[in-house]
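Everything on this sheet refers to the single structure shown next.
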Amino acid sequence: MLYKKKKTMKNVNLYLILSFAAIVMIITTSGILYSGGSPGGKTGSPGDVSNCTQCHSGTPVTNTGWITSNIPPAGYTAGTTYNISVTATQAGITKFGFECTAEDAFGSKVGTLGILMGAQTQLANNNHSVTHKTAGTNGSGSKTWVFSWTAPSASTGTVTFYAACNTANGNGNNSGDVIHLTNMVVPVAPINTAPFFVSTPVIEATADQAYLYSIQANDGEGTSNLVITCPVKPSWLTFADAGNGLASLTGTPLSANVGSHSVQLQVSDGTAPAVSQSFNITVIPGSQTQNIGLVQGWSIFSTYIAPVDSLFPTVFAQIVDSVAIVKDGDGAVYWPQFGVNAIGSMIIGKGYQIKMFDAQTLAVSGTAVAPEATPISINQGWGIIGYLRQTAASAVTMMSSIVANIDIMKNGAGQVYWPQFGVNAIGDMMPGEGYQIKLSSAQVLTYPAN
């Protein structure tokens with residue numbers, strides 16, 4: 001019995017010795033228990049609350065500038081990935097540790113953390129923080145860890161990076177280490193909205209009338225930096241940028257400008273890509289008045305104006321008492337004294353013989369035609385043609401397209417253009433005049449543009 005009792009006591013003593021050794025080992029090891037990384041949630045942030053002093057004795061020291069990044073001074077842009085660096089510094093120290101997290105103003109974790117130094121750092125706290133690995137604790141007076149952070153896709157306002165760093169004395173226990181708390185505040189980069197045009201283009205202009213498009217552009221950040229340009233416009237338009245998002249297009253198109261014209265405006269704020277406003281301006285014929293001098297007696301007249309009401313009684317209403325008779329090339333007459341209007345309406349491109357009791361000026365108001373777009377069909381034999389251009393020009397030049405078929409052409413004064421014999425007594429064809437012409441075959445005459 002005595003032997004068994006001694007043996008039992010010996011076993012108990014051995015158990016106590018081993019248990020004590022294990023306790024000592026645990027206590028000793030606790031000083032480097034987290035050399036493989038923080039358990040997470042120890043950054044001292046509002047969201048984490050706790051810091052490393054719960055495992056390491058002492059009072060934390062606050063430091064500034066230990067967290068740096070390549071985030072621009074203006075702030076982060078949603079969805080963009082940046083590099084974050086945490087640097088712990090203390091002279092004579094060779095062992096370091098850290099944990100870093102990112103939170104919004106409400107203490108919520110924001111963004112996505114990524115590992116760039118796989119051998120030295122790792123994610124912790126359900127991937128909401130980055131901490132060291134054992135291989136990432138060695139340094140000489142300082143230690144830097146680098147990781148990535150991707151800003152949240154939806155901007156959440158100012159973000160603060162919080163880090164707790166341990167500059168360990170390496171004594172194998174939890175005393176003598178210094179815990180440093182540091183943070184970095186990052187604002188949201190101002191969102192630059194693209195400029196835009198407020199004004200609606202004026203897409204119609206009238207020949208011989210002033211055109212104005214008052215241009216206005218805007219931007220979410222104001223108008224002081226806006227620059228408006230006009231890279232595409234017709235020559236009859238003048239562009240002016242007045243600054244502060246205001247500009248103008250002005251000009252007066254001529255009858256020769258009747259048709260469609262491309263315009264492109266651009267506005268830029270110097271940051272966002274330029275925004276264009278492209279449109280077409282359609283120039284429509286304007287109302288003009290052609291004053292045609294009619295001599296006493298016989299003459300031949302024509303007009304380049306398409307009157308609003310082309311009936312002969314309407315066209316001649318103001319001077320009807322001076323009109324004896326009007327005839328067209330087919331012999332039809334307008335004979336106001338007897339209320340006869342066999343001609344009907346005035347046709348652009350035709351000329352008319354007229355006999356006046358006294359000299360008068362016939363004012364024809366309406367739309368000026370584009371001569372190059374108004375072909376005139378002329379029958380074989382004798383006919384009377386009008387002159388559709390607004391300026392005088394040589395009969396030789398004007399008739400060049402059909403000269404091979406012209407037998408003779410005469411004006412109201414009896415002067416002739418006789419191409420077979422090289423005779424041009426007419427000289428220049430004149431606006432307001434008409435011409436008798438004899439052709440060897442039917443032709444289509446198109447005058448050049450004004």
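For the stretch 410-429, a tally of residues being of a type in the set (A, V, I, L, M) and crowded, with 20+ Cβ neighbours inside 10 Å returns 2.
Against the numbered list (1) at pLDDT below 95; (2) among the polar types (S, T, N, Q); (3) surrounded by 14 or more Cβ atoms within 10 Å (Cβ to Cβ), SER224 comes up short only at (3). Apart from one condition, ALA88 fits all of (1) modelled with pLDDT of 95 or more; (2) of a type in the set (A, V, I, L, M, F, W, C); (3) under 19 Å from THR158 (Cβ atoms); the exception is (3). Considered as a group, the residues in the stretch 235-245 that are surrounded by 17 or more Cβ atoms within 10 Å (Cβ to Cβ) and either assigned to a loop (DSSP other than H, G, I, E, B) or aliphatic (A, V, I, L, M) (or both) include one that is farthest from the chain's Cα centre (by Cα), and that residue is TRP236. Applying the selection to the stretch 94-128, what residues are of a type in the set (Gly, Ala, Ser) and under 12 Å from VAL146 (Cα atoms)? Once the filter is applied, which keeps residues that are of a type in the set (Gly, Ala, Ser) and under 12 Å from VAL146 (Cα atoms), the stretch 94-128 yields GLY114, GLY118, ALA119.
Quick check: anything in the stretch 177-189 surrounded by 13 or more Cβ atoms within 10 Å (Cβ to Cβ), over 30 Å from THR89 (Cβ atoms) and among the hydroxyl-bearing types (Ser, Thr, Tyr)? No. Just so you know, in the stretch 290-311 the residues that are within 17 Å of VAL326 (Cβ to Cβ) and under 48 Å from the mean Cα position of the chain (by Cα) include one that is surrounded by the fewest Cβ atoms within 10 Å (Cβ to Cβ), and it is ASP309.
For the stretch 330-339, check the following and say yes or no: at least one residue is touching a residue at least 60 places away in the same chain (Cβ under 8 Å), in contact with a Lys or Arg (Cβ under 9 Å, 6 or more places away or on another chain) and either in the same structural domain as PHE301 (by TED's automatic domain parsing) or surrounded by 14 or more Cβ atoms within 10 Å (Cβ to Cβ) (or both). For the stretch 330-339, residues touching a residue at least 60 places away in the same chain (Cβ under 8 Å), in contact with a Lys or Arg (Cβ under 9 Å, 6 or more places away or on another chain) and either in the same structural domain as PHE301 (by TED's automatic domain parsing) or surrounded by 14 or more Cβ atoms within 10 Å (Cβ to Cβ) (or both): absent.
The values are calculated or read from the model by the stated rules, or taken from the named source; none is laboratory data. Note that this is a predicted model, so its numbers are computed, not measured. Every residue, glycine as well, gets a Cβ built from its backbone with ideal geometry; the counts of neighbours run over all protein chains shown.
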